[in-house]
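Read the structure below first, then the notes.
The values are calculated or read from the model by the stated rules, or taken from the named source; none is laboratory data. Source: prediction; values computed, not measured. Because the Cβ atoms are built from the backbone with ideal geometry, glycine has one as well, and the counts that use them run over all protein chains shown. With ligands, DNA and RNA removed, areas are computed over all heavy atoms of the protein, side chains included. Shrake-Rupley method; radii C 1.70, N 1.55, O 1.52, S 1.80 Å.
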Amino acid sequence: MIFSDLRHYISTLEQLGQLKVIEGASCDLEIGAITEIAACRKKCPAVLFDSLKGFQKGFRILTNFISNRLRERLVFGVSNDLTDPEAVLFWKNRLKEFAPIEPKEAKDGPVKENVLLGSNVDLTRFPWPKWHQRDGGPYICATSSVTRDPESGYINVGSYRFMLLGKNKIVAHIGSGHHGDVIRKKYWAKGKPCPVAISLGQEPSLLVAAGTNLNWGVSEYGFSGWLRGAPVEVTKGAVTDLPIPATAEVVLEGEMLPPGAGTDIEGPFGEFSGYYGGGARPAPITIIKSILYRNDPIILGAPPFLGTSRGILSSRGILVWNELEALGIPDIKAVNYSWGMCIISLKQAYPGHAMRAAHGAIGGTAGYHGRFVIVVDDDIDPYNLEQVLWAIATRCDPETSLDVSRRIWSYKIDPRLPKHKKEAGDYTGAVAIIDACRPYHWIDEFPATTQISEELLKETNAKWGSILGED
Ligand SMILES: Cc1cc2nc3c(=O)[nH]c(=O)nc-3n(C[C@H](O)[C@H](O)[C@H](O)COP(=O)(O)O)c2cc1C
């Protein structure tokens, strides 16, 4: 289904009974807490906050907008009839056919219904929630931020959080090595500020693209177009010539200043790791020079809370799986990636196969920022953590099956990165490889499992199952 804009998506959610509207909530912790409560509910509704305390009616915030099975499939274009494993396989294969649909330029767009420039720029007119109790300030945390590589002209869109500091002043957290960081440093190396256009709400496929670790040079606009099945309409901003989504709800244009031109404290912020790993540290400031917005704008919020799902299709495991196949590593059965743990299930085909896959995962774009890579045989479902633990406990020999790779790409928000490394700007960590596969060279002699065969279970169930009842 092609959503023309965020409003079209929201009206579809309403028709499907997927939306709750809440009026009168406060940006000071209430929106965050309501979002977490809703996310933990079985149906996990999307929540549209209107008539926010202290703000003009119509200035709205939408949270939980993709975070359940049905909504994720709606945005990813995956049938709801497929089982979860079938959906993962379908999406993995579809990703391999990715062919960017480049954005279409429009002269104008609804995003220009209101344009604030110069002294009229006032970010405090817009709701910036304080999401978690220990957050250092108000944040907008589900942006789609556009920058241009000064060397190649490559347009990048990444999702980064921004903390509000004043009427025209915000501060970003952009992880080192993220493309937005690589790009801004190129401007800074020449003593120049980095132009940026920050979309605070738009049709959701762009946020999916912005938050997906695509390779350098791959267009997120092209990915979003491909995902939704139609080009994203873009238009030139008011003070930058960056392409901005023409139907966006709010776009902030400005400049990320070089660190020498001014820093301010960013953080702490409740991060996706479930910790305040980044703490509060000086970060380069961003000066906003224009605000473009639609009448009654809707800002997206995706605050990370523990226990709230980010879905299976957006999991980095699927990207790692495709990267391993692209390296020519055969017989990968599935890859699960969560909380910095990458679990690869494969059918071993040769000695060293398991370790080759592990190193491929560490070196790729999607499997980064990890702490453990666990490789299991193909009889283990990597999504079933009990099975994974069983494999580690019974097939892994701590003397010969564990390796540690050091000085691997990590990030400053890593809760386990020692203080001295953070202070020195050494955002590298260690990754342990746990080879929990049966040793390849004596795999045929490895004790058989006690598992009852599928056929015997089926036969027995047909004969006796009815006496045992449904479950
Ligand atoms: C809702 C959401 C919020 C995110 N917040 C941040 C953030 O604050 N800083 C960051 O570096 N990455 C954040 N990420 C992850 C990046 O957006 C993601 O790794 C992306 O691929 C980076 O893009 P880039 O490499 O093109 O810069 C977030 C992702 C999502 C989906």
Practice item. Give the distance, in whole Å, between the Cα centre of the range 339-396 and the Cα centre of the range 253-270. Key: 38 Å
Point to revise | In degrees, nearest ten, helix 316-326 long axis to first principal axis of the chain (Cα) | key: 70 degrees
Point to revise | Between the range 1-42 and the range 101-176, the Cα center-to-center distance that results, in Å | key: 21 Å
Check your understanding: When ligands, DNA and RNA are left out and all protein chains stay put, how many square angstrom of accessible area per residue does the range 146-186 have with a 1.4 Å probe?
Key -> 32 Å²
Revision key, fill the gap. So, with points 7 Å from each Cα along the Cβ direction, the residue 154-residue 400 label distance in nm works out to 4.3 nm
Point to revise | Apportionment of accessible area to carbon and sulfur, the chain, percent (1.4 Å) | key: 54 percent
Check your understanding: Contour minus end-to-end for residue 442 and residue 189, with contour as 0.36 nm per residue of separation and end-to-end as the Cα-Cα distance?
Key -> 85.6 nm
**Study point:** Overall form of the range 236-325 per C-alpha gyration tensor (a/c, 1.5; a/b vs b/c)
**Key:** oblate
Practice item. Would you kindly derive the ³J(HN,Hα) couplings of the range 32-49 from the backbone phi angles with the Karplus curve 6.51 cos²θ - 1.76 cosθ + 1.60 (θ = phi - 60°), listing them in order in whole Hz, with x for Gly and Pro? Key: x, 5, 5, 4, 5, 4, 4, 5, 7, 5, 4, 7, 6, x, 6, 10, 10, 9
Practice item. Can you work out the accessible area per residue across the range 316-445, with the rest of the protein chains kept in place, probe 1.4 Å, in square angstrom? Key: 49 Å²
Study note, to complete from the structure: The farthest towards the positive end of the charge dipole of the chain, of the residues 357, 268, 430, given +1 on Cβ of Lys and Arg and -1 on Cβ of Asp and Glu, is 268
**Study point:** Greater than 20 Å apart at Cα, pairs in 96/333; 104/185; 96/186
**Key:** 104/185; 96/186
Check your understanding: Per residue, what accessible area does the range 1-137 have, given a 1.4 Å probe and all protein chains present, in Å²?
Key -> 52 Å²
Check your understanding: Using a 1.4 Å probe, how large is the accessible area of residue 221, given in Å² and rounded to the nearest 10?
Key -> 10 Å²
Check your understanding: Put a dot 7 Å past each Cα toward the Cβ at residue 347 and residue 426; how far apart are the dots in nm?
Key -> 4.5 nm
Exercise for review: Note down the magnitude of the dipole of the chain about its Cα centre, charges +1 on Lys and Arg C-beta and -1 on Asp and Glu C-beta and zero elsewhere, to the nearest 20 debye.
Suggested key: 1620 debye
Review point. How large is the charge dipole for the range 331-402, taken about the Cα centre, if only the Cβ atoms of Lys, Arg (+1) and Asp, Glu (-1) carry charge, to the nearest 20 debye?
Key: 260 debye
Check your understanding: For the pair residue 457 and residue 261, what calculated FRET efficiency results from E = 1/(1 + (r/R0)^6), where r is the Cβ-Cβ distance and R0 = 60 Å, to the nearest 0.05?
Key -> 0.30
Review point. For the chain, the longest stretch holding no GluC sites (Glu not before Pro) located in a DSSP loop with at most 13 other Cβ atoms within 10 Å is which?
Key: 152-398
**Study point:** Bridge type composition, the chain - antiparallel percent by DSSP, nearest 5
**Key:** 70 percent
Revision key, fill the gap. Excluding residues fewer than 8 positions from residue 463 in its own chain, the lysines with Cα under 30 Å of it are none
Point to revise | Contact order normalised by residue count of the range 6-301, Cα under 8 Å, 6+ apart, percent | key: 23 percent
Check your understanding: How do 420, 8, 359, 441 stack up against each other in accessible area, from largest to smallest, with a 1.4 angstrom probe?
Key -> 441, 420, 359, 8
Review point. If the chain between residue 355 and residue 104 were fully stretched, how many nm would it gain, using 0.36 nm times the residue separation less the Cα-Cα distance?
Key: 86.0 nm
Review point. Of all trypsin sites (Lys or Arg not before Pro) in the range 163-214, which ones are in loop regions per DSSP and have a Cβ with at most 10 other Cβ atoms within 10 Å?
Key: 190
Study note, to complete from the structure: Expressed in nanometres to one decimal, the distance between label points 7 Å along Cα→Cβ at residue 333 and residue 53 is 5.2 nm
Review point. So which trypsin sites (Lys or Arg not before Pro) in the range 47-111 are both in a DSSP loop and have at most 11 other Cβ atoms within 10 Å of their Cβ?
Key: 57, 107
Review point. Add -39500 (n - 2.57) for each DSSP H run of 4 or more in the chain, then divide by its residues: what number comes out at 222 nm, to the nearest 500 deg cm²/dmol?
Key: -8000 deg cm²/dmol
